[in-house]
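To start, the structure under review is shown below, and the notes come after it.
The values are calculated or read from the model by the stated rules, or taken from the named source; none is laboratory data. None of the values given here were measured: they were computed from a predicted structure. Every residue, glycine among them, receives a Cβ derived from its backbone with ideal geometry; neighbour counts consider all protein chains shown. Side chains included, ligands, DNA and RNA excluded: accessible areas come from the protein's heavy atoms. Shrake-Rupley method; radii C 1.70, N 1.55, O 1.52, S 1.80 Å.
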Amino acid sequence: MEDSLSMVLRNLYALYGEPISDDQISLKHNPLFRLQVVSRMPRPISHYIEHGLKRLLQDYLLSELMENDALIDVIVITGLEEERFDKLRDQSGTGLKSTVFDSTSLSTLCLKLINRGVRVKVLDKLLLNEKIFMNLSDEVFSYSSPIEKVVAIMKSAGVICSIKRLPVQKISD
């Protein structure tokens with residue numbers, strides 16, 4: 001992954017199931033940064049992401065701050081149903097142009113959703129490696145509040161989730 005430090009942080013937080021968007025990262029110094037993970041011992045992706053985030057925060061003297069007076073809507077994922085793989089397999093296409101998250105990891109789904117403006121928080125980080133099968137049409141993201149539509153689709157795909165209003169978390173140097 002190569003980008004500015006703020007974008008690398010945003011992507012890592014999203015992959016770790018934390019709802020941090022571009023406007024929540026404020027850095028005076030935003031160097032170009034390359035992140036590469038190489039390991040001979042496979043571990044869950046959440047392990048590498050968590051350690052990468054801690055290391056970046058430490059090395060660049062970054063602070064995580066909570067603004068409790070400002071709340072944002074976030075999809076909070078608490079679990080996955082066991083039979084989630086069978087839920088959408090039999091549904092035919094709707095004919096709409098769509099973004100397909102077909103058997104992708106929950107970690108990747110979180111990143112793709114933050115790129116579409118939908119914030120997601122995963123409470124149990126062990127779920128980040130789990131596979132999700134769902135189909136979100138591009139039309140869902142054109143609504144004024146796509147978060148409710150995304151939650152409905154996620155629930156139908158076997159994701160146990162709800163919308164919560166959470167304090168804004170900010171990263172600064």
### Query
If you stretched the chain out fully between Lys112 and Met1, how much longer would it get, using 0.36 nm times the residue separation minus the C-alpha to C-alpha distance?
38.4 nm
### Task
Determine the share of the chain's accessible area contributed by carbon and sulfur atoms, expressed in whole percent, with a 1.4 angstrom probe.
50 percent
### Summary
Packing-ranked peptide list from 141-154, 104-117, highest mean Cβ count within 10 angstrom first, is 104-117, 141-154
### Query
So which residue, out of Asp73, Asp124, Asp22, gets the largest mean-square fluctuation from a GNM of the chain using Cα contacts under 10 Å as springs?
Asp124
### Query
Among 128-137, 56-65, 156-165, how do they line up from the highest to the lowest mean number of other beta-carbon atoms within 10 Å?
128-137, 156-165, 56-65
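For Ser21 and Lys164 in the same chain, what is the full-extension length gain: residue separation times 0.36 nm, less their Cα-Cα distance, in nm? Please list the in-between numbers first.
Working: separation 143, 0.36 × 143 = 51.48 nm, distance 1.65 nm.
Length gained between Ser21 and Lys164: 49.8 nm.
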### Query
Top mean-square fluctuation among Glu18, Glu50, Glu139, Gaussian network model of the chain, C-alpha springs under 10 Å?
Glu139
### Query
So, counting K/R as plus one and D/E as minus one, what does the shell of residues with Cβ under 12 Å around Asp3 add up to?
0
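Please give the length that would be gained between Lys131 and Leu61 if that part of the chain were fully extended, namely 0.36 nm times their separation in residues minus their C-alpha to C-alpha distance (nm, one decimal). Kindly include the intermediate steps, with their values, before the conclusion.
On the way: separation 70, 0.36 × 70 = 25.20 nm, distance 3.44 nm.
The Lys131-Leu61 span can extend by a further 21.8 nm.
When only C-alpha pairs under 8 Å and at least 6 residues apart count, what is the relative contact order of the chain, in percent? All intermediate terms of the calculation are to be shown ahead of the outcome.
Values: 301 pairs, mean separation 62.7, N = 173.
Relative contact order comes out at 36 percent.
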## Note on the structure
Expressed per residue, the solvent accessible area of the chain in Å² (1.4 Å probe) is about 56 Å²
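Which shape class applies to region 113-173: rounded if a/c is under 1.5, otherwise prolate when a/b exceeds b/c and oblate if not, where a ≥ b ≥ c are the square roots of the Cα gyration tensor eigenvalues?
On the way: a/c = 1.81, a/b = 1.17, b/c = 1.54.
It is oblate, given that a/c is not under 1.5 and a/b is not larger than b/c.
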### Message
What whole-number volume per residue, in cubic angstrom, does the convex hull of the C-alpha atoms of the chain give?
### Response
127 Å³
